[in-house]
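To start, the structure under review is shown below, and the notes come after it.
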Amino acid sequence: MRTFFVTSKLDDALRFHQTALNLRAHRQQLLAGNIANADTPNFKARDIDFSSALQGALSAHSGNFGLMVTSARHLGSSAESLAGPRVLYRTPHQPSLDGNTVDMDVERTQFADNAIHYEANLTFISGQIKTMLAAIQG
């Protein structure tokens, strides 16, 4: 039982950054798709509201929203993990004649901003793990 308690505490300590990294990776894929389809007629630029997606994912972990499992081999689930974050369509500042809503300046800026935040999350989680290892090793 003590092993479960330690594992649970470690999971709790790293859950925020793990969730943030997963959402940042998902957002990076959406933004890369927007950039790749900049010349596709009628393509609608997509993105997620990162802060609300993070709050939803964290509250799904803290609440008891998952299915009841009767075996240790069952997969855990929550509404957020099954459906993923809600994907929104970007409102264009200046729509193009072909119906494409991708603004390359906005997409590049969002892509770079998301990449910097992703790296920051990696730095924080790496620091947490180093601190835990130093505490364990003494």
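The values are calculated or read from the model by the stated rules, or taken from the named source; none is laboratory data. In this text, all values refer to a predicted model and were calculated from it rather than measured experimentally. Positions of Cβ are backbone-derived with ideal geometry, glycine not excepted, and every protein chain shown enters the neighbour counts.
Within segment 87-95, is there a residue that is crowded, with 17+ Cβ neighbours inside 10 Å, farther than 22 Å from Ser51 by Cα and out of contact with any helix residue (DSSP H, G or I) (no Cβ under 9 Å at 6 or more places or on another chain)? Among the residues of segment 87-95, not one is crowded, with 17+ Cβ neighbours inside 10 Å, farther than 22 Å from Ser51 by Cα and out of contact with any helix residue (DSSP H, G or I) (no Cβ under 9 Å at 6 or more places or on another chain), which makes the answer no.
If I ask for residues that are at pLDDT 95 or above and part of a loop (DSSP other than H, G, I, E, B), which ones from segment 1-37 would you list? Selection gives Asn37 alone.
Within segment 111-133, restricting attention to residues that are loosely packed, with under 13 Cβ neighbours inside 10 Å and over 23 Å from Gln29 (Cβ atoms), the residue that is nearest to the chain's Cα centre (by Cα) is Gly127.
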